[in-house]
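The next block holds one structure in the form of structure tokens; read it before the comments.
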Amino acid sequence: MPYPKGLLKLLFKTPILLYRLGLGVLVGRLFMVMTTTGRKSGQPRRTAIEFHEFEGKPTVMSGWGEKTDWYRNLAANPLATVQTWRGAQAVRARRIDSEEELRRAFVWAQSNPTMRRMMKLAGFAMTPEQFIAEKERFTLVTFEPTDEPTPPPLKADLVWVWAILIPICLLLVWMM
């Protein structure tokens with residue numbers, strides 16, 4: 001699958017806008033906002049990404065392997081902040097790559113329809129042995145809680161928009 005550009009890349013950023021509008025509680029069960037530190041700039045960088053819970057921790061799979069900016073940022077500095085419907089959490093990112101953990105991850109992925117579909121799209125025959133043998137073809141990252149300082153979470157800085165949109169919508173409905 002080619003790396004997203006243009007309109008598709010903009011579409012992938014929609015959950016960030018929804019978090020900024022204060023709707024993180026609604027979209028945060030499927031998408032998390034991950035704030036990393038830019039490997040070159042040192043500035044906070046935010047990515048919206050689909051996540052799943054693996055062994056009680058938010059876990060993501062990169063559809064583009066180690067090529068993604070967010071993964072390269074985490075490789076340079078694994079401390080991040082993740083935001084889900086539960087709120088913001090300081091975490092340390094860790095790639096799942098031990099054989100034992102990959103076996104457990106395979107069982108978990110097979111029980112999760114979305115993960116199973118992603119693996120199928122990636123061309124994996126559904127055996128634990130291939131999953132482990134092909135571990136360099138995919139990037140599975142889990143996030144463990146930490147007390148270390150992490151980048152600041154994304155703020156819901158656009159909530160004020162609702163004070164304008166709701167009256168306009170009500171006025172339009174009333175005029176019809």
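Using θ = phi - 60° and the Karplus relation 6.51 cos²θ - 1.76 cosθ + 1.60, list the HN-Hα couplings for region 48-61 in order, rounded to whole Hz, with x at every Gly or Pro.
Whole-Hz 3J(HN,Hα) from phi for region 48-61: 8, 8, 5, 9, 9, 8, 10, 6, x, 10, x, 9, 10, 10.
Taking amide H positions as placed in the peptide plane 1.01 Å from N, state which residues far from residue 22 in sequence (5 or more) or on other chains have amide H under 5 Å from it.
158
Identify all lysines with a Cα-Cα distance to residue 120 below 26 Å; exclude those on the same chain that are fewer than 8 residues away in sequence.
Of all the lysines, those that pass the test against residue 120 - Cα under 26 Å, at least 8 places apart if same chain - are 5, 9, 13, 57, 67, 135.
Can you bin region 97-176 into rounded, prolate or oblate? Criterion: square roots of the alpha carbon gyration tensor eigenvalues sorted a ≥ b ≥ c, rounded for a/c under 1.5, prolate for a/b above b/c, oblate for the rest.
The shape class here is oblate.
Taking θ as phi - 60°, what are the ³J(HN,Hα) couplings along region 143-155 by the Karplus curve (6.51, -1.76, 1.60), each to the nearest whole Hz, with x for Gly and Pro?
Listing the rounded values in order: 10, 10, x, 9, 9, 6, x, 10, x, x, x, 5, 9 Hz.
Ranked highest first by average number of other Cβ atoms within 10 Å, how do 110-116, 167-173 line up?
110-116, 167-173
Starting at the first residue of region 17-32, write each ³J(HN,Hα) from the Karplus equation 6.51 cos²θ - 1.76 cosθ + 1.60 with θ = phi - 60°, in whole Hz, x for Gly and Pro.
Karplus-based 3J(HN,Hα) across region 17-32 equals 4, 5, 4, 5, 7, x, 9, x, 4, 7, 8, x, 7, 10, 10, 10 Hz.
Report, to the nearest 10°, how far helix 161-175 tilts away from the longest principal axis of the Cα atoms in the chain, using its own Cα long axis and a range of 0 to 90°.
60 degrees
Can you tell me the length gained on complete extension of the stretch residue 160 to residue 57, counting 0.36 nm per residue apart and subtracting the Cα distance?
33.8 nm
Every number here is computed from the coordinates shown, using simple stated rules; none is lab data. Given the structure is predicted, the values throughout are model-derived calculations rather than measurements. Reconstructed Cβ throughout: ideal geometry from the backbone, glycine too, with neighbour counts over all protein chains shown.
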